[in-house]
Structures are given as structure tokens and as C-alpha cells.
Amino acid sequence: MKMPEVLLVDDNPADVDLTSEGLARSECSHRINSVSDGAEAMAFLHREGKYHDAPSPALMILDLNLPRKDGRAVLAEVKTDPALRQTPVVIFSTSQAGPDIGRSYQLGANSYVTKPAELSEFFSVVRSIGEFWLGCACLPSPEES
Amino acid sequence: MKGRTEILLVEDNQHDQELILQILGQENLADTTQAVENGSEALDFIFCRGAFSGRNCEPPRLVLLDLNLPRVSGLEVLQQIKSDACASTIPVAVLTSSWEGRDLAASYQLGANSYIQKPVELQQFREAVRRTALYWLVTNQRPVAQDTRATRQAAP
Amino acid sequence: MTPKPPGTGPEKTKLRILLVEDTAADSELILRHLRRAGFEITGDVVQTAAQFRSRLRSDPPDIVLADYNLGQWRGMEALAILREEKMDIPLILVSGALGDVTAVECIKQGATDYVLKDALTRLPVSIRRALQEKQLREDRRRAEEELAKKVGELAHSNMELEQFAYVASHDLQEPLRMVAAYTQLLAERYHGKLDEQADKYIHYAVDGALRMQALIQDLLAFSRAGRADMDLTSADCNLIVEDAMKNLAVAIRESNAVVNFECLPVVMGNAAQLRQVFQNLIGNAIKFRGSRPPVVQISAEQENGEWLFSVSDNGIGIAPEHLDSIFVVFQRLHTRQEYPGNGIGLSICKKIIERHGGKIWVESHEGHGANFKFTLPLEAHTVREVMILEPGKEHKHEDARSLVGG
């Protein structure tokens, strides 16, 4: 079976590293692709420009506050696009604000996880994300465009 | 009647139901799990009607949903939950023995939060149920609770 | 009046008067008395109410002297006109024989004083006193306005400070998270691989970062306790304590703590904030334990028209000289090596309880545990009523419930 492709959308390279490290600790095979803003995320998903060869992600881990195109807008676009809406999207954000959480679910997020401030908790949470989504759940098979 | 329900288990196979409840019990979750055997009861529970019209109508934190159900199918239950303004934010994890690609696609299309195929091997099955429960009840941040009694849908 | 010594000119007090008098001779007499008493008089004599009102508007006097009987109207009606025009001008009745009863009535109705026409020597004194009292009134009014303005400015400044503290704490979290995470990763990855100095440096950095994180969290909690919309609802303290205990599950388990609570009431309050109070108090009881496993007793009773809660423990207790200061923010009684924490927990409790309209204090002896007490306002429905309304709820009120960690 092909290794699942994960698209990580986060503008903080330190968090991209931390999340990748955390997912690696889940010991569920996967490959990480990362982009640092919302516009890049959409280009990746639509295989535009330099992303013409990009794989179709089986899982998206999406931060909310992104430059150029905000995470909420990306979420809305993904979940209203018939070719993309099957992709599970996990919102991964420092925000614990009720409105942010509620809105994300309304826009169709599959899951919402807050980034813990404490390192060991952070790893524990990301490992849980990996163990569930990559080790347990069935991810939709990549669409042929 | 129990206090707060955290998990709604919709499973018509008695053996599977018992097994899942046992696994949840090991995580101290059995007391807050409501099990129903068919799709119609599942919807009654979610929308606080029929046999469940007296319950304190707080949405469960997770619905574990089998697809092959009598009376109302799992996909139909999924669609009704996900097309209701208040109930749509309840996380639904499809937990099915189906290996049909189209069930997988249809579930995610209809808005299932996740889809898990029941592993055949017992140990893997236990692990899958455990990971699923812990992910959706601990790791996942629940949406703001809304009273699902507000939109009662007519029984199918 | 004693005559002034020559060479020192008498100081004349300027006085604008409005004299309501229909007898010319009487007017003359009054004016003469006032001039002799050292007043430099300007003003007018009027007879009718209409004249009075119009002079009032065009040329407000310092004082009104009115005869009681004026033919068509009474001097007391001048008082009513003064009130209508919203003018705070003293009115002294200058009149012929006036029964004591009538005189007292007039003063009750608002006349500043009354002076008999055959005792006009009293008039200057009466006027001076009336003017003094008016001055005092004005001074006081001005002082109150100043005070109100200052209070408004302070409140605004306070709000800005609180907002600043909140925003600063909130924004500091992110860069702090980076420092804390990566210094810890450095510690993990390079421990033993660089030299001993490096290990030490990294350890100090990690320690500092973690303490900063804890401090920021506490500051935010303190800040939130002051900002939050009060959102008062019926809050069942039994459920709230259960929630608090869920959050303390690890600490309870590790210390084998026993927490007993019985029939706690439903109060008017903010459930999340009250949960924080119980969590802090129970958490402290566990943290500051002695050699025995902590036992915490939570109860409530009605006293003086409010609920009096008690959270008592069997821990190390608090010396009498510290009973007040522990509620002060950042005040700690032990070193960080002895007991962890930033010293904010109790000041958060105090802030929350006070915002609910209650008081919090502690009774304790060193070595004999502590009893934290606080008051909360009564709720409309008593616990008994709640029971009747919700028969499905499992309430056992006859026995104490205890939840044991383990």
C-alpha cells in the first residue's frame, strides 16, 4: 500500500519541525509535505505551478492563522470542493477560543486539536494524531485528477 | 437513565457491541456510553425524541457508527446528522466491517469525521477501538455544545 | 457692631440682593442696616412674582430677602420660583410679626432664615451665615465633581492596564513556547554529548523557560478572572467540585488524597470561575500536605443570608502572621525548592470570590491544617427545589460522598 501523504500547513517552521518530529514518534509510516501559507496550500492541492507533481494528500494538518490565505479560508475551500472535500482536515492551532473551534467545525473540519504549550504534551498530542489518523483510521484513496 | 452520554455506539452486531463496550470499559468509558442497535434509535437519541425524548439533550462527544444497520442505514444516519444545523458538529467515527471503497468515499463525502475498518484480528480490533475513543474524547477538542432538541426531524 | 478704629477703612463686602418688598420705607430701613453693617449693596426691589422671576433671570442675586406678606402673593412663593428656576440662592424672610410656628414652617419649607423687621440687627449675621453655607455647598459640589472625574480617569486607566497585562501575557506565550520547546529538545538530543558546562547551561535555560511559561499562564488566569463577563447562572457546586477533581485527578491519585463533599448548594455564579476557585483550593490542600495523605473536607451552610463555604485540610497549615498576605498576588511563603508554584492561585481565588460579591479568608494554625472559608450569594432556588424539578438527577443528600484517588 502506498505511504500516506500528509500535508502540513503551518507558517512557523519551528512548529513544522516539532509536528514532523511528533508524527515520526507515532511510528506509523507516512510522508510529510509542508507549506507555509494558505495560498501555497491551495496551489499544492490543485497541483499548480511548482506543485504540478505534488501528491494528493490523504490527511491535512492545518493551522488557522496563516499569511496570504488564512487557514479558515483554506478549510472552507477544501470542504466545498467536491474533488477535495473527502480529505480529512485536522485543525492544529494554539487557539482555544470557542468561536475558532465552533467555526472550524461549521466549515467542515474533521477534527480540532489545540497545540499544547508544554513540549511533552505537544509530542503526546501529535503522536495521538499520528496513531489515530495514520495508524488506525482509513484515509480516502487519493483522487485521480 | 445515565447522566451525561459521552459516546453513542450504534452497532447491531451483539458480539461486536459487547466487545466494544468491554474495551471502552477498560478506559472507564462504558458508564457514559449509550448503545443502540439500529439507525432509527440512533436518530431518536441524537434528536431527543421517541424513547429518548426525556433525556437531557446534550450532544454526545462521539458517535461510533456501524454502516450495516437495520431500519435506517448507517449512511442515512450519517447524512441526517451531518445535514442538521445543530447536530452536524457532533464527531462521527464510522466503525464498520465494510471493505467497500465506495462506503469509504461516501462516508467522507457525507461528512464523516473519520472512518475505521474493524480489524479482523482481536488485538488489533481492541487497539483500534481504544485509539479511536481516546483520540475523539481526549485529543480532539469538542465543538461548542448545542442543544440538538432544537431541530426535531420527522422520524423516517 | 463695634466701630472700626480710624485709619483702617472698613472692608466692604459686596452683596447683590434681590429685595421682595412692597413697602418703600421698609426697603429703605433694610438697606440702611445692611450698609451700616459693611455691605456694599447692589440690586433691586421687586413687588410681583413676575418681576421677581425676570430679575432672577437677568441678574441673579447673591441673596433674596423677602417679606412674608406681599398682598397678592406670599414671600414663600418666591421659594417655589427659585426652585423652578433651579437656582441655589439663599432666601431670608424679613417680616413683621411672624408666629413661631409659621417661622419654623417656613424654614422647613426651605427658607434659610427669618428675621423680624424690628430686629434687623440680626440680618447681617444671618446673611453672612447664609452666604457661608452656600459657599460650603458649592465647594462640596465642586469637590464631588472632581472626585467623580478622577474616579472615571482611574477606572479607565485601570482598564487599560488590565488590557495591557492580558494582551502582553497572551502574546508572550507564542515565542515562549518556542524557547521552552527547543531548549528542551536541545537538552534531550545533546545531553552528555557536549561538555558538562553545556549541559548545565541548557538546564538553566530550560528551567527559566518553563518557569516563564508557568508564570504567563498564571498571569493570564489572573487577568481573565478580572476581565471575564460575569455570566451568572445557576451553578451546582457539586458538579463544579467534581469537575475540579477531574482536573486534579493525577495529583489526587499520586498523593492518595481523599476529598469529601456533601450536599453542596446551587449558587448564582460563573461555573468556570468557581471551578477555578475549588481547583486552586483543593490543589493547594494536596500540595501543602504534611506526612499524612491529604484529606480535604468541603462543606457549605447558610449564614447571615448567604452561603458560607469551608474547604479544610490536614496539611502543614499557615502561621497566623501570614493569614492575610497569602492572598496577595505573587506572595509565596516557601521557596520554589520546597513547594512549586508562583503564588498567584490564592489571589485568583480572591479576585473571583470578590467579583461574585463574597469574601474569602483562612483560619489556620501551623502544623494543624488550614480551613479556607468564603461566602457566596444565595441562589433563587434551593437545592431541595432543584431536586423536585429534576427527578432524574442522582442526588444523595443524606450521606457525604467521597471520591478517593487510587
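Hey, what did segment C:93-134 get for relative contact order, percent, Cα under 8 Å, at least 6 apart? Please list the in-between numbers first.
Details: 25 pairs, mean separation 17.6, N = 42.
Contact order relative to length: 42 percent.
Give a residue-ordered list of calculated ³J(HN,Hα) values for segment C:48-60 (Karplus: 6.51 cos²θ - 1.76 cosθ + 1.60, θ = phi - 60°; whole Hz; x for Gly, Pro).
After applying 6.51 cos²θ - 1.76 cosθ + 1.60, I find 9, 4, 4, 4, 4, 4, 5, 5, 4, 6, 7, 8, x Hz.
Which of C:I298, C:A119, C:G343 sits closest to the plus end of the dipole of chain C, meaning its Cα is farthest towards the positive end, when Lys and Arg get +1 and Asp and Glu get -1 on the C-beta?
Projecting each Cα onto the dipole axis, the largest value belongs to C:A119.
What distance in nm separates the two pseudo spin-label positions at C:R292 and C:A119, each 7 Å out from Cα along the beta-carbon direction?
Placing both labels 7 Å beyond Cα along the Cβ direction yields 8.1 nm.
Residues in segment C:318-348 near a label at C:A187, defined as backbone nitrogen under 18 Å from the 7 Å Cα→Cβ point?
Counting backbone N atoms under 18 Å from the label point, the list is C:336-342.
Residues with amide H under 5 Å of C:V266's amide H, sequence separation 5 or more or different chain, H placed in the peptide plane at 1.01 Å from N; which?
For C:V266, the qualifying residues are C:C237, C:V383.
Can you give me the distance in nm between label points at C:E144 and C:Q337, each placed 7 Å from the Cα along the Cα-to-Cβ direction?
It works out to 6.0 nm between the two label points.
What do you get for the angle between helix C:237-247 and the principal long axis of chain C? Use alpha-carbon atoms, 0 to 90 degrees, nearest ten.
50
At 7 Å along Cα-to-Cβ for each site, give me the label-to-label distance between C:I107 and C:S299 in nm.
The answer from the label model is 6.0 nm.
Given bins 10 angstrom wide, list per bin the percent of all Cα-Cα distances in segment C:146-227, short to long.
17, 31, 22, 16, 9, 4, 1
If the only charges are +1 at each Lys and Arg Cβ and -1 at each Asp and Glu Cβ, what is the size of the charge dipole of segment A:5-134 around the Cα centre, to the nearest 20 debye? Intermediate values should be presented prior to the final figure.
Numbers: 12 positive and 19 negative charges, 77 e Å.
That gives a dipole near 360 debye.
Taking Cα atoms, how many degrees apart are the long axis of helix C:196-227 and the longest axis of chain C, rounded to 10 and kept between 0 and 90?
Taking Cα atoms only, the helix is inclined about 40 degrees.
Which whole-number percent gives the relative contact order of chain C, counting Cα pairs below 8 Å spaced six or more residues apart?
Details: 572 pairs, mean separation 44.5, N = 406.
Relative contact order for chain C comes out at 11 percent.
Through the Karplus equation 6.51 cos²θ - 1.76 cosθ + 1.60, θ set to phi - 60°, convert the phi angles of segment C:343-348 into ³J(HN,Hα) values in whole Hz; use x for Gly and Pro.
x, 9, x, 6, 5, 5
How much FRET efficiency would the formula 1/(1 + (r/R0)^6) give for C:E162 and C:A97, where r is the Cβ-Cβ distance and R0 is 56 Å, rounded to 0.05? Don't skip to the answer; put the middle values down first.
Details: r = 67 Å, r/R0 = 1.20.
Efficiency at R0 = 56 Å is approximately 0.25.
Using Cα centres only, tell me the gap between segment C:56-129 and segment B:71-87 in whole Å.
After rounding, the separation between the Cα centres reads 85 Å.
Only loop residues by DSSP count here, and only those with at most 15 other Cβ atoms within 10 Å; note down the trypsin sites (Lys or Arg not before Pro) in segment C:110-209 that meet that. Can you show the working numbers first?
Working: sites: C:K117, C:R122, C:R128, C:R129, C:K134, C:R137, C:R140, C:R141, C:R142, C:K149, C:K150, C:R177, C:R189, C:K193, C:K200; in loops: C:K193.
Here the trypsin sites (Lys or Arg not before Pro) that fit, given the DSSP loop and packing criteria, are C:K193.
Collect residues whose amide H, placed 1.01 Å from N in the peptide plane, falls under 5 Å from the amide H of A:Q86; neighbours closer than 5 in sequence don't count.
The answer is none.
Relative to the first principal axis of the alpha-carbon coordinates of chain C, what is the inclination of helix C:271-287, with its axis defined by its Cα atoms, in degrees from 0 to 90 and to the nearest 10?
The angle comes out near 50 degrees.
How high is the relative contact order of segment C:38-98, in percent, counting Cα pairs under 8 Å that sit 6 or more residues apart? Can you show the working numbers first?
Details: 49 pairs, mean separation 21.5, N = 61.
Reported relative contact order: 35 percent.
Would you mind working out the magnitude of the charge dipole of the protein assembly as shown relative to its Cα centre, with +1 at each Lys and Arg C-beta and -1 at each Asp and Glu C-beta, to the nearest 20 Debye? Spell out each step's value before the answer.
On the way: 77 positive and 98 negative charges, 361 e Å.
Taking the Cα centre of the protein assembly as shown as origin, the dipole is about 1740 debye.
With respect to the cross-link table entries B:K118/C:K246; C:K287/C:K373; C:K12/C:K134; A:K2/A:K50; A:K79/C:K246; C:K12/C:K150, which display a Cα-Cα separation exceeding 28 Å?
As for pairs spanning more than 28 Å Cα to Cα, those are B:K118/C:K246; A:K79/C:K246; C:K12/C:K150.
Of C:A168, B:A133, A:H52, which is farthest towards the positive pole of the protein assembly as shown's charge dipole, taken about the Cα centre with +1 and -1 on the beta-carbons of Lys, Arg and Asp, Glu respectively?
Value computed over the given set: C:A168.
Please compute, for peptide C:298-310, the average count of beta-carbon atoms on other protein chains lying within 10 Å of each residue's beta-carbon.
Working: counts 0, 0, 0, 0, 0, 0, 0, 0, 0, 0, 0, 0, 0.
Mean number of neighbouring Cβ atoms from other chains: 0.
Give me a comma-separated list of calculated 3J(HN,Hα) values for segment C:101-108, in order, Karplus coefficients 6.51, -1.76, 1.60 applied at θ = phi - 60°, integers in Hz, x for any Gly or Pro.
4, 4, 4, 4, 4, 4, 5, 4
Every number in this text was worked out from the coordinates using simple rules, so none of it is lab data. This is a predicted model, so every value here is computed, not measured. Neighbour counts are summed over all protein chains in view; Cβ atoms, including those assigned to glycine, are modelled from backbone coordinates with ideal geometry.
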